[in-house]
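Each reported figure results from applying straightforward, stated rules to the coordinates on display, with no laboratory input. From a predicted model like this one, the values you see are computed outputs, not experimental measurements. For neighbour counting, all protein chains shown are included, and Cβ atoms are generated from backbone atoms with ideal geometry for every residue, glycine included.
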């Protein structure tokens, strides 16, 4: 059921926001002990908002296109009235929390019922979701496995049937990784398409705010809502006055599509490669010109590893020294060599980033879209230690996703099959810079032929 379908149920009075919110809270009570997807749930406030929404619907006066739809916000994003702890024991929860981030403000203005905060690794530093504050977040498809990160709580909760959609953000794959692992649709808009505030720290020029959803239509609708201009973000793109829901059904006939399973030297499991190659055939059957291509660029680790370590070190050093013993020990371990990164090394990474963007601009002169796997393997065990030989950041977490944070291009993950272990496989669809509508259109065409699967019921 799409967000539009749910709103129509309210409009026809076949159900009410109070009923939906009550069912949402009951669902949380049943599955949260198995998932650990929430940092905070404010049931009393949620029911008050739901009651106000119900009265508006009874009067025929909804405030917006999301009036009465429940959503939780990722615990990296400011939400008025609640601490945004960022998955960290070091956060000062006693300060005043008076601001909504732009995306949260737009959701609230559209009538969404914001009922809680979803888990994230500390400061969103990795592609798995666990932290000293919240513990391990698990995957509804297999609770022994990770839901991915850093929007792991968002994806896990939505896949478990909680909420109408899930707010998320993506600084290296953090929408697309958990969407792939949990069998959902995750769209990373172009950098700056959705305003963000504050833009600070390691991911300031890499991260895009967005959502994880159950279908493409929902993400297009949410982009309409969240992409409104907010003067607090000086990186934000000017409004393009696009209705992202318009033209979704235009199809892919005539589009030039490149397929690359070895992007930047990445190595995906054989069953994932097979699923992506089969997905490419769907585009060909729908009239696209599909071609297998070599990677447009060489491995990124040699030029960006030291940059990444420096950003991790910078984040650790922002924590008061007397609180650093509370940090995730793995974050501290990874950050330690980053303290020695030189300005010359950092500058070289920035030059390489500009070159990568130019390379992808050149690629898109010949191809409208690029298809890759989203993830190279099935989700690892929930207790996996990050950035080790067993689960290396560059080899296992972000080889397919992080390039398009560096370039700022729109990119989506959409389910394209199940692995030999019966777990979701994500197809990544990447478009040229700022071609958000094109990526959504391509995703909708694929969704027509390959509907998004329904996750298993954890409580059955």
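The modelled label-to-label distance for the pair residue 99/residue 14, using points 7 Å beyond Cα in the direction of Cβ, is 4.2 nm. Pairs of alpha carbons in region 287-339 separated by more than 19 Å make up 47% of all such pairs.
Calculated on the Cα set of region 257-362, radius of gyration then Dmax: 19.5, 61 Å.
Using R0 = 30 Å, the C-beta based FRET efficiency linking residue 274 and residue 392 works out to 0.80. The equivalent ellipsoid of region 268-311 has semi-axes of 32, 13, 9 Å, largest first, where each one is the square root of 5 times an eigenvalue of the Cα gyration tensor. Normalised by the number of residues in region 312-399, the mean separation of alpha-carbon contacts (under 8 Å, six or more apart) gives a relative contact order of 24 percent.
Restricting attention to the chain, close to 70% of DSSP beta bridges with both partner residues there are antiparallel. Quick note on region 100-247: its Rg to Rh ratio, both from C-alpha atoms and Rh being the Kirkwood radius, is 0.95. With a simple spin-label model that places each label point 7 Å from the Cα along the Cα-to-Cβ direction, the separation between residue 351 and residue 63 comes to 5.2 nm. Placing one equal scatterer on every Cα of region 113-153 and applying the Debye formula, the log10 ratio I(q)/I(0) at q = 0.14, 0.32 Å⁻¹ is -0.28, -1.04. When each of the peptides 309-317, 366-374 is scored by how many other beta carbons lie within 10 Å of its residues on average, the order from highest to lowest is 366-374, 309-317. Counted over all Cα-Cα pairs of the chain, pairs farther apart than 41 Å make up 11 percent. Ordering of 287-294, 299-306 by packing is 299-306, 287-294, highest average first (other Cβ atoms within 10 Å, averaged per residue).
Taking the helices alone, the chain has a mean residue ellipticity at 222 nm of -11000 deg cm²/dmol, built from -39,500 (n - 2.57) per DSSP H run of at least 4 residues and averaged over all its residues.
Between residue 281 and residue 44, the C-beta separation translates, for a Förster distance of 45 Å, into a calculated FRET efficiency of about 0.30.
Report relative contact order for the chain in percent, whole number only (criteria: Cα-Cα under 8 Å, sequence separation at least 6). Show your work: numbers first, answer last.
Details: 1061 pairs, mean separation 78.9, N = 460.
Rounded, it is 17 percent for the chain.
Net length available on complete extension from residue 314 to residue 340 is 8.3 nm, with 0.36 nm assigned per residue and the Cα-Cα distance removed.
Rg and Dmax over the alpha-carbon atoms of region 36-156 stand at 15.4, 47 Å. Quick check: from the Cα gyration tensor, does region 305-460 come out rounded (a/c under 1.5), prolate or oblate? Taking the square roots of the gyration eigenvalues as a ≥ b ≥ c, region 305-460 is oblate. Computed over Cα pairs, the Kirkwood radius of region 160-316 leads via Stokes-Einstein (0.692 mPa s, 37 °C) to a diffusion coefficient of 182 µm² per second. Shape annotation for region 362-454: C-alpha extents along the principal axes are 40, 31, 17 Å, from largest to smallest. For region 310-391, dividing the convex hull volume of the Cα atoms by the residue count gives 146 Å³ per residue.
Ordering of 48-60, 401-413, 135-147, 375-387 by packing is 401-413, 135-147, 375-387, 48-60, highest average first (other Cβ atoms within 10 Å, averaged per residue).
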